[in-house]
1. Return the only residue of Ala57, Ala62 being closer than 23 Å to Pro266 by Cβ and buried (at least 24 other Cβ atoms within 10 Å of the Cβ).
2. Determine which single condition Met65 fails, assuming it passes every other condition in (1) more than 10 Å from ligand 2 (Cβ to nearest atom); (2) in contact with a helix residue (DSSP H, G or I) (Cβ under 7 Å, 6 or more places away or on another chain).
3. Give me a count of the residues in segment 11-54 that are within 16 Å of ligand 1 (Cβ to nearest atom), crowded, with 17+ Cβ neighbours inside 10 Å and among the polar types (S, T, N, Q).
4. Which of (1) more than 14 Å from the chain's Cα centre (by Cα); (2) crowded, with 18+ Cβ neighbours inside 10 Å; (3) part of a strand (DSSP E or B) is the odd one out, the single condition Thr70 does not satisfy?
5. Tell me the residue from Val238, Val226 that is β-branched (Val, Ile, Thr), part of a helix (DSSP H, G or I), in contact with a Pro (Cβ under 9 Å, 6 or more places away or on another chain) and more than 16 Å from ligand 2 (Cβ to nearest atom), please.
6. Here are the criteria: (1) modelled with pLDDT under 95; (2) within 13 Å of ligand 1 (Cβ to nearest atom); (3) over 30 Å from Ala110 (Cβ atoms); (4) over 23 Å from the mean Cα position of the chain (by Cα). Tell me which single one Glu373 does not satisfy.
7. Residue under question is Glu249, and the condition is that it be surrounded by fewer than 21 Cβ atoms within 10 Å (Cβ to Cβ), in the same structural domain as Thr70 (by TED's automatic domain parsing) and among the charged types (D, E, K, R); does it hold?
8. Checking the structure you have, find out if any residue of segment 125-139 is within 16 Å of Ala197 (Cα to Cα) and more than 27 Å from the chain's Cα centre (by Cα).
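The values are calculated or read from the model by the stated rules, or taken from the named source; none is laboratory data. What you see is a predicted model; the values in this text were computed from it and never measured. In this analysis, Cβ positions are derived from the backbone assuming ideal geometry, glycine residues included, and neighbour counts consider all displayed protein chains.
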Amino acid sequence: MAEVNLRIGTDYESNEPVYVKATGSRAIFICGKRGAGKSYTMGVIIEELFNQEQGKATIIIADPMGIYHTMSLPNVPQSDEVRDAGFLTKGFPVRLIVPGDPLVRFGDAAILAKLRENGVDVVSLQINAADLSPEAWCELFNLGINEAMGITLWRAVDSLQEANRPFTVDDILDEIEKDTRAKEASKEALENRLNVACKWGIFAQEPTTLNEVFSLNHINVLDLSVLDAGTQGLRNMVLDVVARRLFTERTRERRREEFGLATKLPRVWLAIDEAHQFVPKGRSSLCKEMLIRWVKEGRQPGLSLIVATQQPAAIDPELLSQCDVIFAHKITAWEDIYALDRLSATYMDGDLKNYIRNLNRRGEALLVDDETESVTTIRVRPRFSSHGGAEIQEKTTRKSLF
Ligand SMILES: Nc1ncnc2c1ncn2[C@@H]1O[C@H](COP(=O)(O)OP(=O)(O)OP(=O)(O)O)[C@@H](O)[C@H]1O
Ligand SMILES: [Mg+2]
């Protein structure tokens, strides 16, 4: 396999280029306070990956803010900075993956038209009801599996899954209707919730296959911002189903590779912005277990993870401890510094907090790399493509992005 070295920026002191090796599987953690440059740095890593791994790796960004589609456009606002650093601005091929019907999700044909005008390939992601376990269905509606409604829903999904084939939300409704052990009140309440689930437009009889959705020749942006964050873990559910299917498929494909057979799904890079929403500390989430498995067991099947968060203290420590590259931008909250400090490596000369204290400007970060056992203060290079994060902070509604 060819070496993959991501040129992330320059050494703060020597001005020499700084690389992060990404030939094998890696788990990268990006943190820093608000506006410190986390999403921007994530974009830089993705650009580097795409430049070197196009056609060879599936690159996916789980995007809860809806900011990464702008990577299809060149970084015009910072074109001077890009030129001064010795690069050219450019847009990348972006595929925007929208759970459900994009038109319904955006609620505005003009937005879709603008996205397409900007060169973004918009595709729909459909999930089959059978992709969720009985437990996941209960969790989606916040139902305990020991309470009456939870028991009824669990039983319905479990019995449908015995047939080992796809089914619809209507099938679950039918199954509940047939259940003679369930109370009428539970049935009615479940009916209401499942009818709401139908309206989400995410569940379909014919789910989209991974190969239909994810492209090796695009940056795949999974737009989770179109799902209401408050809707009982809908975003987490979508990410869980996607990660689970990728994980299973990659494990299978890996076996084919070992026998020298062609593979449809080569290695995968999954980047998750605002990761504390998905892998929270101290409480469960629909995708937490899967993502922890992804970092723990991903090395073999070639699954890499990049997570970014404002609050290291709010991320599950089990995931954090698996990360082998850290980009720490400026952090000030003591609990976050403390959470990071616990990750201090043995090869570090002093505490991480002492290094972080010296970071001042945006785009500056401390890079801790387990592979090279090095700690470097760096300046992250300017982005080739347009960064969408700034606009979202200045403008309040999504529509005004365009
Ligand atoms: N390496 C860099 N070079 C040039 N500009 C940068 C760099 N890093 C960040 N910036 C600028 O700083 C702004 C904020 O960065 P970014 O959106 O990445 O912050 P963030 O840490 O993700 O914040 P939030 O917590 O609000 O998501 C960007 O709009 C960008 O213009
Ligand atoms: Mg951000």
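1. Values: Ala57 fails: buried (at least 24 other Cβ atoms within 10 Å of the Cβ).
Ala62 is the lone residue from the list that is closer than 23 Å to Pro266 by Cβ and buried (at least 24 other Cβ atoms within 10 Å of the Cβ).
2. (1)
3. Within segment 11-54, residues that are within 16 Å of ligand 1 (Cβ to nearest atom), crowded, with 17+ Cβ neighbours inside 10 Å and among the polar types (S, T, N, Q) number 2.
4. For Thr70, the failing item is (3).
5. On the way: Val226 fails: part of a helix (DSSP H, G or I).
From the options Val238, Val226, the qualifying one is Val238.
6. Failing condition for Glu373: (2).
7. Details: surrounded by fewer than 21 Cβ atoms within 10 Å (Cβ to Cβ): yes; in the same structural domain as Thr70 (by TED's automatic domain parsing): yes; among the charged types (D, E, K, R): yes.
Here the answer is yes, as Glu249 does meet what is asked.
8. No, the conditions are met nowhere in segment 125-139.
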